[in-house]
Amino acid sequence: MFSAVFRDLVRHEFRSKGNWKKQNRTRIPRGWWRAYFLCILVAMIGTATYFALRNDLQVNAIWSITLGFPYIVFFLGFGSVKNEWGNETYGWWLTIPESRMRLIAAKWLGSWLKVWAAILMLFVIASVYVMILSFTIPYYSFETAREFMATGIQWLSLIVTLSPLIIAAGILMGILQHTVIRPLAPILWVVFMAALGLTYSLTDIVIPESSFSPQQSLWVSYPLELPAIVAVDWILAFAVLRITAFLLEKKLDL
Amino acid sequence: MIPNIVECHQVTKRYGQKIALDRLELAIPAGRITGILGPNGCGKSTLFRTLTGMVRPDEGRVEVLGKTPGWRTNQSIAYLPDRARWYPNHTARQALEWGNSFLPGFSMERAIQLADEMEIDLDMRVGGMSKGQEARIMLILCLARDVDLVVLDEPFTGIDVMSREAIVASLIDFLEESEQSILISTHDIQEVEGLFDYTVMLKEGRAIWSGNSEDLRAEYGSLRNVFRKLYAKEWND
């Protein structure tokens, strides 16, 4: 599985390949996009700092900006396939002379690495911000920052470890629409969207409510169920990828 | 006897009510430049997708290079998909590197030479190119491969006249040197009339004529006349 070609496939999936639909819209110069991003970032930091200065900012609430992550992760997997059709590059992708499992696994791993990259970046930025708060505002201590990071590690590692199945489900949905069993797609959309909601129930098991309470957070150790949940998630992810590879090989309807 | 590079026996492919290939019987000899001709919707692209293993026939048997088509046989097939595009964020060089990474038999040296001949700036982003320039890059990805079979599905569709001429000129140069078997589908015969030495005429998913292009011309005159006679209804539409 881990040949040089597979490594190149993953690298290809990890990089931004662009999107013709976005390309064909009236183009906004890249500098403007950077400016928009900076404005939003400054507004978010400014708002948080305003509340921090009034001693009203419960730092753990910052992690709530990641609450949409399970859905984002799903659509990352879905988009990795959808873009091949949207860009009309699927003919090139499908005729790469590698096993369908490798093609699918490369998309999956490329998407998972993107999740890792996004989460690590977010964790570093948020942690640095809270560290600065803890050094500059007397209300916050180093302990606040340490507990903030501990909660972040727990919640974000939950997303990272559960995302293999979520990405695999997204990829399956992307492929399913181009197979002979596409009539199943509406049902599976409902099932997957509802199942994603369950991710939030898992936080009650893994991170107790107290972690997000107005009081200072406490380090909470992972419950015993977590390894079992992760193991099931990974086994199911592999099964979903296998099914997707089968559909790609035997049931495509182009 | 020359072996066949493609064989189809009673191949049927349906899309719902529509029959794309209808009990197709076909044998294409190896080492020829074969034109797969016919109007839009006659089954050309479905045939090529079947040959590259992307779709499976509902009935019948297909062989390409003596084997059932699948991802493994694509190691020996260079395929230009119908209405294909390339990734807009790639530069031309990245597109060629993609070919070098994933396409067996791909020669980077040959690809760069072809890009030079076709006046492609390797550092230009595909997103900023004309359709003709993009089409040339995709053609290079096929022509720079040393494989047994080259399959080009409608390589001239949606391309301006200047680029068409450039592509046809490159194809002629390539075909003069090449010993590969080549299948080219088109519904637009004007530019390519002289390219083919073997011709297959498809209509409604069936091969209504196949054989040496010279025999076809002897029987009907120019390929334009062939189209006019064999596809009288489509021609008048």
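The values are calculated or read from the model by the stated rules, or taken from the named source; none is laboratory data. Not measured: the values here are computed from a predicted model. Please note: Cβ atoms are built from the backbone with ideal geometry, for glycine as well, and neighbour counts cover all protein chains shown. In case anyone asks, the SASA skips ligands and DNA or RNA and just uses the protein heavy atoms, side chains included. Shrake-Rupley method; radii C 1.70, N 1.55, O 1.52, S 1.80 Å.
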Excluding residues fewer than 8 positions from A:Lys21 in its own chain, the lysines with Cα under 20 Å of it are A:Lys82, B:Lys131
Whole-number percent relative contact order across chain B, with pairs defined as alpha carbons under 8 Å at least 6 apart: 27 percent
Work out, step by step, the length gained on full extension between A:Leu236 and A:Leu67: first 0.36 nm times the residue separation, then minus their alpha carbon distance; give nm to one decimal. 58.6 nm
Of the listed peptides A:192-198, A:241-247, what is their order by residue-averaged count of other C-beta atoms within 10 Å, with the highest listed first? A:241-247, A:192-198
Can you tell me the FRET efficiency between A:Phe75 and A:Phe142 if r is taken as the Cβ-Cβ distance and R0 is 35 Å, rounded to the nearest 0.05? 0.40
For the pair A and B, total buried accessible area rounded to nearest 100 Å², probe 1.4 Å: 3000 Å²
Could you order the peptides B:38-50, A:29-41 from most to least packed, using the average number of other C-beta atoms within 10 Å per residue? B:38-50, A:29-41
Quote the FRET efficiency, to the nearest 0.05, computed for B:His9 versus A:Ala35 with a Förster distance R0 of 60 Å and r equal to the Cβ-Cβ distance. 0.45
Taking every residue of A:15-22, the Cβ atoms of other protein chains inside 10 Å of its Cβ average out to 5
What accessible area, in Å² to the nearest ten, does a 1.4 Å probe give for A:Ile187? 100 Å²
Long-range amide H contacts for B:Ala207: which residues qualify at under 5 Å (H placed 1.01 Å from N, peptide plane, sequence gap of 5 or more or a different chain)? B:Glu25
Rounded, prolate or oblate: which fits the range A:21-135, taking a ≥ b ≥ c as square roots of the Cα gyration tensor eigenvalues, rounded meaning a/c under 1.5, else prolate when a/b beats b/c? prolate
Checked the protein assembly as shown against the a/c 1.5 cut and the a/b vs b/c comparison, axes a ≥ b ≥ c from its Cα gyration tensor; verdict prolate
Over the whole of A:95-102, what's the average partner chain Cβ count within 10 Å per residue? Rounded to a whole number, please. 6
Computed lengthening from B:Ser107 to B:Asn40, 0.36 nm per intervening residue step minus Cα-Cα distance: 20.8 nm
Kyte-Doolittle mean at least 1.6 and Cα extent at least 20 Å along the axis: which DSSP H helices of chain A qualify? A:185-206
Treat every Asp and Glu Cβ in the range B:110-215 as -1 and every Lys and Arg Cβ as +1, leave all other atoms uncharged, and give the resulting dipole magnitude about the Cα centre to the nearest 20 debye. 460 debye
Could you provide, to the nearest whole Å², the per residue accessible area of the range A:24-67 with probe 1.4 Å? 78 Å²
DSSP beta bridges in the protein assembly as shown, what fraction antiparallel, as a percent rounded to 5? 55 percent
Most to least packed among B:198-208, B:10-20 [average Cβ atoms within 10 Å]: B:198-208, B:10-20
Which angle between 0 and 90 degrees, to the nearest 10, do you get for helix B:161-177 versus the longest principal axis of chain B when only C-alpha atoms count? 80 degrees
Let me have the 222 nm mean residue ellipticity of the protein assembly as shown computed from DSSP H runs of 4+ only, each contributing -39500 (n - 2.57), with the sum over all residues rounded to the nearest 500. -17500 deg cm²/dmol
Estimate the FRET efficiency between A:Ile229 and A:Leu184 by the formula 1/(1 + (r/R0)^6), using the beta-carbon distance for r and 35 Å for R0, to the nearest 0.05. 0.85
Extension length gain for B:Ala232 and B:Arg61 (0.36 nm per residue less Cα distance), in nm, is 58.5 nm
Heads up, the range A:82-148 by the C-alpha gyration tensor (a ≥ b ≥ c square roots of eigenvalues; a/c under 1.5 rounded, else a/b over b/c prolate, else oblate) looks prolate
